[in-house]
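Engineer: Submitted below is the structure of interest, expressed as structure tokens.
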Amino acid sequence: MSHFEQLKYQIALSLIPGIGCANAKRLMASLGGIPEIFKASKKQLLKVPNIGELKALKILESDVLGRAEAEISFIEKNHIQHAFYWDDHYPVRLKRCVDAPLMLYWKGNVNFNAEKIVAMVGTRNATSYGRAFCEELVEAMAQRGGYTVVSGLAYGIDVAAHKACLKYEVPTLGVLAHGLERVYPSLHRSVADRMLSNGGLVTDFISEVEIERTNFLRRNRIIAGLADATIIVESAEKGGSLVTADIADSYNRDVFALPGRSTDSYSKGCNQLIKSNKALMIETLDDLEYAMAWQQAIDRPAKIQKQLFVELTAEEQQLVDVLDGQEVYIDQLCSKVKMPMGKVSSILLALEFKGLVISLPGKMYKLS
């Protein structure tokens, strides 16, 4: 099969309404490949787990191959980069999420597998307090090095985080709720253009889609999924950034929140996250690095002699059991032991000091 044909079927599969990522993966596994999905009979489709009558009809009646061809023309004309879920260059962190998109599109100078990726989101009605925090935190990130910041290019905290990254030359990714033929809001076009040289724009939407409210909720999962940790800078009692926090928590990623005065309406959401133990409090970069065990990693010795007859805590033993005989991404470890990434990082560091675990490139670990 030619590259064009393969990409056409990949894009088309992602466009079938009502199927979603999980069902698409079941279809591929059951029918033997993507082209076979489009050639399957209703009887064959109904044998696939979770594909009932309605979903089978949507597949049979879908007219997406032509739309996929048009999107390939757009991709080629505008030099858009892309990845299908199975591709090696698909973002590792996002691939570990149960609802990861089948197709991802981006442009710019993007490193999805940077050492430390942090999402910064918050209210569209950012105060001077929230904007100042964004600037101070990003300035500290620039001094420490190794950081990439992800946000949604929206009004308020999102664009404040992107602007701070541009000022201090920290790579930054903007996740869009539409295709790459436009920037919404259009007022942020100049910011988006400047981001392309040290970061970029990312989306799972094809070009020319309608901008709808549900798109923004859908893109929040990508913001959370690309990052090791999510920071809620300011939020009212309800808002999209709180949805992002819930999604990050469901991925076993750490959530942080900036505290504020109890009388400040745009700190109520953050304060509630902290009070209900759904987020760790953050005031400086030191708080983030301590919780994520990134600060200790700087002074990690190059080689540690393995200790004999080591006594393990129950949590250390959990990780050792998962690592037994295999190399595992940290995201997978978090998922299997049901612990946030910051805690798993700390336990892994302790196991490294005991000479039991070796860290590998790409945030993979194995027993020594």
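Engineer: Can you give me the solvent accessible area of Arg26 with a 1.4 Å probe, rounded to the nearest 10 Å²?
Structural biologist: It works out to around 90 Å².
Engineer: Mean separation of Cα pairs under 8 Å and 6+ residues apart, divided by the residue count of region 1-90: what relative contact order is that in percent?
Structural biologist: Working: 63 pairs, mean separation 28.5, N = 90.
Computed over region 1-90, the figure is 32 percent.
Engineer: Between Leu166 and Val98, how many nm apart are label points set 7 Å from Cα along the C-beta direction?
Structural biologist: In this crude label model, Leu166 to Val98 measures out at 3.8 nm.
Engineer: Right, here's the next one. Mind listing the long-range amide H neighbours of Leu280? Cut-off is under 5 Å, sequence gap 5 or more, other chains count too, H placed in the peptide plane at 1.01 Å from N.
Structural biologist: Those lying under 5 Å, H to H, from Leu280 are Val255, Phe256, Ala257.
Engineer: With a 1.4 Å probe and all protein chains in place, put Glu169, Glu115 in order of accessible area, largest first.
Structural biologist: Working: Glu169 145, Glu115 120 Å².
Reading off the accessible areas and sorting them downward yields Glu169, Glu115.
Engineer: Also, quick follow-up: Taking just the alpha carbons, could you work out the radius of gyration and Dmax for region 51-105, both in angstroms?
Structural biologist: When restricted to the Cα atoms of region 51-105, Rg and Dmax are 14.3, 39 Å.
Engineer: Rounded to the nearest 10 Å², what accessible area does Cys165 have for a 1.4 Å probe in the complete protein model?
Structural biologist: Surface open to solvent at Cys165 totals about 0 Å².
Engineer: Also, quick follow-up: Round to the nearest 10 and report in Å² the accessible area of Met195, as given by a 1.4 Å probe over the protein chains' heavy atoms.
Structural biologist: Rounded to the nearest 10, that gives 0 Å².
Engineer: Still on this structure, please answer the following. Checking the table Lys8/Lys39; Lys268/Lys336; Lys343/Lys366 against a 26 Å threshold on Cα-Cα, which pairs fail?
Structural biologist: In this structure, Lys268/Lys336 exceed 26 Å between Cα atoms.
Engineer: Then there is this: Per 0.36 nm of contour for each residue apart, how much would the distance between Gln81 and Gln326 grow if the chain were fully extended, relative to their Cα-Cα spacing?
Structural biologist: Result for the pair: 85.0 nm of gain on full extension.
Engineer: Over what distance in Å are the Cα centres of region 50-100 and region 329-368 separated?
Structural biologist: If you average the Cα positions of each part, the centres end up 32 Å apart.
Engineer: Suppose accessible area is computed on protein heavy atoms with a 1.4 Å probe; arrange Lys343, Lys275 from highest to lowest.
Structural biologist: Sorted by accessible area, descending: Lys275, Lys343.
Engineer: Ranked highest first by average number of other Cβ atoms within 10 Å, how do 240-246, 311-317, 69-75 line up?
Structural biologist: The packing order, highest mean first, is 240-246, 69-75, 311-317.
Engineer: Top mean-square fluctuation among Tyr90, Tyr290, Tyr329, Gaussian network model of the chain, C-alpha springs under 10 Å?
Structural biologist: Per the Cα network of the chain with a 10 Å cutoff, Tyr290 tops the list.
Engineer: Over the chain, calculate the relative contact order: mean separation of alpha carbon pairs under 8 Å at least 6 apart, over the residue count, as a percent.
Structural biologist: Answer for the chain is 12 percent.
Engineer: Please list 3J(HN,Hα) in residue order for region 68-77, calculated via the Karplus relation 6.51 cos²θ - 1.76 cosθ + 1.60 where θ = phi - 60°; whole Hz, with x for glycine and proline.
Structural biologist: Karplus values, whole Hz, x for Gly and Pro: 5, 5, 5, 5, 4, 4, 5, 4, 5, 5.
Engineer: Between beta-carbons, use under 10 Å as the cut-off and find the net charge around Cys134, counting Lys and Arg +1, Asp and Glu -1.
Structural biologist: -3
Engineer: Once you keep just the Cα pairs under 8 angstrom separated by 6 or more residues, what percentage relative contact order results for region 126-168?
Structural biologist: 48
Engineer: Give the carbon-plus-sulfur fraction of the accessible surface of the chain in %, rounded to a whole number; probe 1.4 Å, heavy atoms of protein chains only.
Structural biologist: 50
Engineer: State in Å² the accessible area per residue of the chain; use a 1.4 Å probe, count heavy atoms of protein chains only, and round to the nearest integer.
Structural biologist: Value for the chain: 47 Å² per residue.
Engineer: Would you mind counting up the charge near Ser73? Only other residues with Cβ under 15 Å from its Cβ, with Lys and Arg at +1 and Asp and Glu at -1.
Structural biologist: Computed value for this residue: -3.
Engineer: Suppose the chain between Asp63 and Leu312 were pulled fully straight at 0.36 nm per residue; how much longer would it get relative to their current alpha carbon spacing?
Structural biologist: Full-extension gain reported as 84.0 nm.
Engineer: What is the local net charge at Ala12, summed over the other residues whose Cβ is closer than 14 Å to its Cβ (Lys, Arg +1; Asp, Glu -1)?
Structural biologist: Numbers: positive: Lys8, Lys39, Lys58, Arg67; negative: Glu5, Glu36, Glu61, Asp63, Glu69, Glu71.
Surrounding charge for Ala12 is -2.
The values are calculated or read from the model by the stated rules, or taken from the named source; none is laboratory data. None of the values given here were measured: they were computed from a predicted structure. All Cβ positions, glycine included, derive from the backbone under ideal geometry; neighbour counts span all protein chains shown. Ligands, DNA and RNA are excluded from the accessible area calculation, which covers all protein heavy atoms including side chains. Shrake-Rupley method; radii C 1.70, N 1.55, O 1.52, S 1.80 Å.
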